[in-house]
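Bear in mind that the values in this text are calculations on the coordinates, not laboratory data. The structure presented is a predicted model; accordingly, all values stated were derived computationally and were not measured.
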Amino acid sequence: MENMKVLNSIKLLLVLTVAVVGFSSCEDNGSIYDELIGRTWIGDLGLAVGPYDVESGITFKGNDYAIDEQYYYEDGGGGRALTLNLRWWIDMDTLYLDYGPGYPMLEIRGVYISGRYLDGELYADGVYQFNVTLEMVS
C-alpha cells in the first residue's frame, strides 16, 4: 500500500515536470520576443559589403519587421555601410533573419538571452557558421 502511494507520487511528479517543460518552451519564444522587441542588438552576423566585413545593429520592430544598420569595421574605413530592412520571427528557440533575395537566410539557433547578451549558433542557408553573441545597446 505504501509502495502504491510512492509510485503515484512519482507519476504525479513526472506528469507535472512534463507539463512545466512543455509550457516553458512555449513561454521561451514569447519571452525571447519580449526581450528583442523595441531594442537594438549589435554584433557580427558574418555579413559583408563588398570586400569588407560589417557589424550589424538590428532594431527589432513589431509585426516581424526589423532594421539592420550595418557599419564597417576600422579596416573597412569605419562609418555606416548600409541600412537594410528584414523580416524576423522566432520558432522553437530559433531566431530567423530574412534579408530577402540576394542574402542568405540567417538562423540563430538555441537563442539564449542573459542580461544584455543574446547567444546562439549562427547558420546561413542551413550551414553552421559560428557561435554568435549580440549585445543589447538600447
Practice task
Would you kindly derive the ³J(HN,Hα) couplings of region 35-42 from the backbone phi angles with the Karplus curve 6.51 cos²θ - 1.76 cosθ + 1.60 (θ = phi - 60°), listing them in order in whole Hz, with x for Gly and Pro?
Solution key: 6, 7, 4, x, 10, 10, 10, 10
Problem - Sequence-distant residues sharing a close amide H with Lys61 (under 5 Å, placed H) - result: Gly38, Ala66, Ile67
Completion exercise
Amide H neighbours of Ala81 at under 5 Å, excluding residues fewer than 5 places away on the same chain, with H built from the backbone geometry, are Gln70, Tyr71, Tyr72
